[in-house]
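The values are calculated or read from the model by the stated rules, or taken from the named source; none is laboratory data. What you are looking at is a predicted structure, and each value in this text was computed from that prediction instead of being measured. For neighbour counting, all protein chains shown are included, and Cβ atoms are generated from backbone atoms with ideal geometry for every residue, glycine included.
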Amino acid sequence: MWQALYDEVKNEDFMIIAVAEESRGNETAKEWLDLAKPSYVTLIDREHHVADLYNMVNVPQAVWIDEHGRIVRPAETAGSHDAWRSMNREDMSMPEESTAIAAKAQKTYMDAVRDWAINGTMSKHAFNSAQVRTHLALPTENVALANTNFRLGFYLREHGQVEEGDKFLKIAVDLRPESWNLYRQAMNLREIGPNGFAANEDFFARVDALGAGRYYPPPNIEGFPTEAGFVPVS
Amino acid sequence: MVTVLTEAGATEVVSAQATGDDLWFAKTDVTRATGWNLKPEGLCQGDLCVPVPKANSENFVREETVNIAGFWRLLGRPALHDQAGATWMLGASASDRANALQSLEAPDFKLPDLDGKLHSLSDYRGKRVFLTTWSSW
């Protein structure tokens, strides 16, 4: 997804680091990377350490970090939009209008990244310190506890205690139900879903339970579509 | 023997004895397993020290042993274990994470690429870094 942007910017001062939140590691990540052959940095994060450090709840999310190692945009969706919820679950088709909204969301976000990649602090999309703090979502005690349970569950699974490990993964998911990272990763560890996707009936029930609420808060970027793009399931 | 997991990785501690939610170590193992040091003023990391609570000090220090799980909870951090008490995870607290984020300095990490070569975020200091996540699932 980011290769075209990376090639286009061709700026020595800019790097993309794409972290695979992938507890199965190379087993599931390699196929994708062999296909995409990215020339930027790609890392494998089996324990979801980056999501823990930056308080992320799903993929793709992104953080912008300046030359001095300072956050200039905290974790937010990297262009995803709730419009995908209008997808037909049988044939994966989307109504034209929702496809257009999702595409506009993606393009608006990409354009903002490109602008910052080229212009750095001069980019209007790079936040100042006060703005970063306003947009920061801080973890709660339950989030910290969920992450600790996830790490322990992952380790136990890795070391032959699969059943007991799954118990800790379940506690993690229950403590932080809004994290699709934890929920879908735990599902994928139990069993790799059809086409590799951890999206079963239970997942869609969770999506439907969001009602009219958004899963992806629109990033504060001028022009990013704010309309729903989906009809809530009642 | 007990396996102790922290953010820095896994350490085997031969001296460790798990009793319920307490985990007792020989004092000499504390630094190796946790990166903290036991000093006369308490359990310390750098300038930060957690004093031994005077009222019930025997819950934390007994002769040459230390209840590391007890200290960890004093720090407001989760200390979890499997049913057998053979594997422990000493985790980070919400305020550990929140303080790091609020400093606005991007938390550093070290992760492997597909070939197993380790990269740190800080290796890319001097560049603007677009740090993004993805998954196959």
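Any idea how many residues of the range A:71-115 are touching an Asp or Glu at 6+ places or on another chain (Cβ under 8 Å) and within 14 Å of chain B (Cβ to nearest Cβ)?
Residues in the range A:71-115 being touching an Asp or Glu at 6+ places or on another chain (Cβ under 8 Å) and within 14 Å of chain B (Cβ to nearest Cβ): 3 in total.
Tally up the residues in the range B:57-75 that are part of a loop (DSSP other than H, G, I, E, B) and either in contact with a strand residue (DSSP E or B) (Cβ under 9 Å, 6 or more places away or on another chain) or modelled with pLDDT of 95 or more (or both), please.
Qualifying residue count, the range B:57-75: 3.
Suppose we keep only residues that are more than 15 Å from B:His81 (Cα to Cα) and either in the same structural domain as A:Pro74 (by TED's automatic domain parsing) or of a type in the set (A, V, I, L, M) (or both) within the range A:143-161. Which one would you say is surrounded by the fewest Cβ atoms within 10 Å (Cβ to Cβ)?
Among those that are more than 15 Å from B:His81 (Cα to Cα) and either in the same structural domain as A:Pro74 (by TED's automatic domain parsing) or of a type in the set (A, V, I, L, M) (or both), it is A:Val143.
Which of (1) in a loop (DSSP other than H, G, I, E, B); (2) surrounded by fewer than 17 Cβ atoms within 10 Å (Cβ to Cβ); (3) not hydroxyl-bearing (Ser, Thr, Tyr) does A:Gly79 not meet, given it meets every other one?
That leaves (2) as the condition not met.
Inside the range A:89-136, can you point out the residues that are part of a loop (DSSP other than H, G, I, E, B) and either among the charged types (D, E, K, R) or buried (at least 16 other Cβ atoms within 10 Å of the Cβ) (or both)? Don't jump to the end; show me each part of the working.
Keep residues of the range A:89-136 that are part of a loop (DSSP other than H, G, I, E, B), which gives A:89-95, A:123-128, A:136.
Correct list: A:Arg89, A:Glu90, A:Asp91, A:Met94, A:Ser123, A:Lys124, A:His125, A:Ala126, A:Phe127, A:Leu136.
So, A:Glu178, is that one acidic (Asp, Glu), outside the structural domain of A:Asn58 (by TED's automatic domain parsing), more than 16 Å from A:Glu22 (Cα to Cα) and touching a Leu at 6+ places or on another chain (Cβ under 9 Å) or not?
Taking the combined requirement at face value, the residue does not satisfy it.
If a residue counts only when it is within 25 Å of A:Thr121 (Cβ to Cβ), which strands (runs of 3 or more DSSP E) contained entirely in the range A:5-72 have at least 2 such residues?
On the way: elements: A:14-21, A:41-45, A:61-65.
The qualifying strands (runs of 3 or more DSSP E) are A:14-21, A:61-65.
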